[in-house]
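One structure is given here, and the rest of the page talks about it.
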Amino acid sequence: MPRRRREPRAVAAFDSTHDALEAESACRQEGVEGRLIPTPVSITADCGLAWSMPPAERGRFEVLATGRFDVAGIYDLEL
Amino acid sequence: MVYLNCAATSYRRPECVIAAVETALREFGSSGRGAHDSELDAARAIATCRERVAEVLGFGHPGRVVFGANATQGLNMAILGCVPDGGHVVATDWDHNSILRPLYRLRKRRGVRVDFAPADAAGRLDVDSLLSLVTPGTSLVCLTHASNLTGNVLPDAQITRVADRAHEVGAHVLLDCAQTAGARPVRMDALGVDLVAFTGHKALMGPQGTGGLAVAPGVTVEPVLCGGTGVLSFEESQPAAYPEHLEAGTLNGHGLAGLSAAAGWVLSTGLDAIHAHDLALTRRLVAGLRRLGPAATVYGDLPRDRIGLDAPDFDHAPVVSLNLDGWDSSELADALGHDYDIAVRAGGHCAPRMHRALGTEHTGAVRLSMGWFTGEKDVDYALRALSQLAEGDDAPAPEGTGEAPDAPAQA
């Protein structure tokens, strides 16, 4: 078994690295908790960055994204 | 930090590279756009860079080393500039998207036929199958010198076979050396290949934003970009003479000054010495991964035991990809990066055909790649981390090295 303890996360995927970095910048500005991770294979085996956050931050993140950056999807995962 | 993502870009650079870029930023004018010392200094630095890169590539015609932003640009120059409408191209499952996407575009927009030589589930390329695809009417054969996913290297003898066959039917051979230029001798002239694409920022250890294409004499490449060259300003078409034929617009003189210093450093260090260093690390890494047993799936054509790894004919680029049982490859990369401070690369590696051949299209893989500034302690640290992750060991993370104490000294 992996050594990491898994926990529920809301993971936002992006179609471009630029959007991922915009999301990080916006989240840091507004205090939305989370960090960038490699996009989980369960979302796509392609390359890319995703924003992993506690599920409770999802609502604030969605509001923050509106008009600022594009989000390809937000997924509920155990990571 | 332990940096094992050298196949993406080198992390550390020789000090002489940093100094050369700084000097260029302070002192250079624009190459080919004037005759003041500041402009001539830029032009001289770029000319020296051509000579050194040509030597790294085993190419006797420095004036036909064309600079661009990276290997991708060099590959696009060659593919878009060599293949006629309705022509035929042979490529392989080893190829990176920087070959595949231009070819797919040509297929869609200009009626070009593209055939691919397959790789098997171990990533081995079937060269006989490739040769059978090269027929009268083939314009271009694209080869990848070393896979950016498995690290397997196409042997010189096989490249020569392909070049001989291609030339029989009047086709050119393009060799993608993104993973090999600066890491081993390329021997462009001896191999008989017509076009070599290279990048400056990987094993060559120059700045990002440098790379290009070496074009053998007699090979016609139509320019994709047209524009100012500093010569023949009243001509309506791009000058026929190289390198200006394929170099429209002001070059990245600052970056090329760095690449020149880097190529000089590589040549003085010795391509054979760099290759031997990389090979020793690869042996160490693969042997360590084998000790993890069936928990680690290592991709590519690799010896199964130490005897095979130590065999004198073992050859490999310093690139190894794997998956660990029980781990999503992206999550494994994140654990290595976030918990152990080891930089690796997950995902598709811009190598979709190779992933399909290996059966990793839906899982991805984690790639560990090394270079001159990688040390044995870095490899050992990564192996301990992988061992802990494979076993679910609750022990604390091993202490990081952060440095490569056994890496060779700076120039």
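The values are calculated or read from the model by the stated rules, or taken from the named source; none is laboratory data. Just so it is clear, the model here is predicted, and its values are computed rather than measured. Glycine gets a Cβ as well: all are built from the backbone with ideal geometry, and neighbour counts include every protein chain shown.
Show the residue pairs meeting these rules: Cβ distance below 7 Å; 6+ apart or different chains; first residue within the stretch B:225-246 and within 20 Å of residue B:215 (Cα to Cα) and without any contact (Cβ under 8 Å) to a residue 12 or more places away in the chain; second residue surrounded by fewer than 13 Cβ atoms within 10 Å (Cβ to Cβ) and among the aliphatic types (A, V, I, L, M).
What qualifies is B:239/B:231.
Show the residue pairs that are 6+ apart or on different chains and have beta-carbon atoms under 9 Å apart, the first residue being within the stretch B:350-365 and within 13 Å of residue B:322 (Cβ to Cβ) and more than 7 Å from chain A (Cβ to nearest Cβ), the second being part of a loop (DSSP other than H, G, I, E, B) and of a type in the set (Phe, Trp, Tyr).
From residues that are within 13 Å of residue B:322 (Cβ to Cβ) and more than 7 Å from chain A (Cβ to nearest Cβ), the pairs are B:358/B:299; B:360/B:299; B:365/B:299.
Among the residues of the stretch B:82-99, which ones are part of a strand (DSSP E or B) and under 24 Å from residue B:298 (Cα atoms)? Please lay out each step first, then the result.
Filtering the stretch B:82-99 down to residues part of a strand (DSSP E or B) leaves B:88-92.
B:92, the sole residue that qualifies.
Regarding the stretch B:316-324, can at least one residue be identified that is within 14 Å of chain A (Cβ to nearest Cβ) and more than 27 Å from residue B:71 (Cα to Cα)?
Looking through the stretch B:316-324, at least one residue is within 14 Å of chain A (Cβ to nearest Cβ) and more than 27 Å from residue B:71 (Cα to Cα).
With the requirement that a residue be buried (at least 20 other Cβ atoms within 10 Å of the Cβ) and of a type in the set (S, T, N, Q), what does the stretch A:18-51 give you?
The answer is A:39, and nothing else.
Return the pairs, sorted by first residue and then second, in which the second residue is surrounded by 14 or more Cβ atoms within 10 Å (Cβ to Cβ) and among the charged types (D, E, K, R), the first residue lies in the stretch B:153-173 and is under 19 Å from residue B:275 (Cβ atoms), the beta carbons are less than 6 Å apart, and the residues are 6+ apart or on different chains.
Matching pairs, first to second residue: B:153/B:315.
Hey, among B:200, B:182, which residue is in contact (Cβ under 8 Å) with a residue 24 or more places away in the chain, on the phi > 0 side of the Ramachandran plot, crowded, with 24+ Cβ neighbours inside 10 Å and assigned by TED's automatic domain parsing to the domain that holds residue B:260?
Matching residue, one of B:200, B:182: B:182.
Do you know which residues across the stretch B:23-46 are of a type in the set (D, E, K, R), touching a residue at least 12 places away in the same chain (Cβ under 8 Å) and buried (at least 16 other Cβ atoms within 10 Å of the Cβ)?
Scanning the stretch B:23-46 gives a single hit, B:41.
Scan the helices (runs of 4 or more DSSP H) fully inside the stretch B:100-197 and keep the ones with 3 or more residues being of a type outside the set (A, V, I, L, M) and modelled with pLDDT of 95 or more. Before you say what the answer is, go through the steps one by one.
Working: elements: B:127-133, B:156-168, B:188-191.
Where helices (runs of 4 or more DSSP H) fall fully within the stretch B:100-197 and carry at least 3 residues being of a type outside the set (A, V, I, L, M) and modelled with pLDDT of 95 or more, they are B:127-133, B:156-168.
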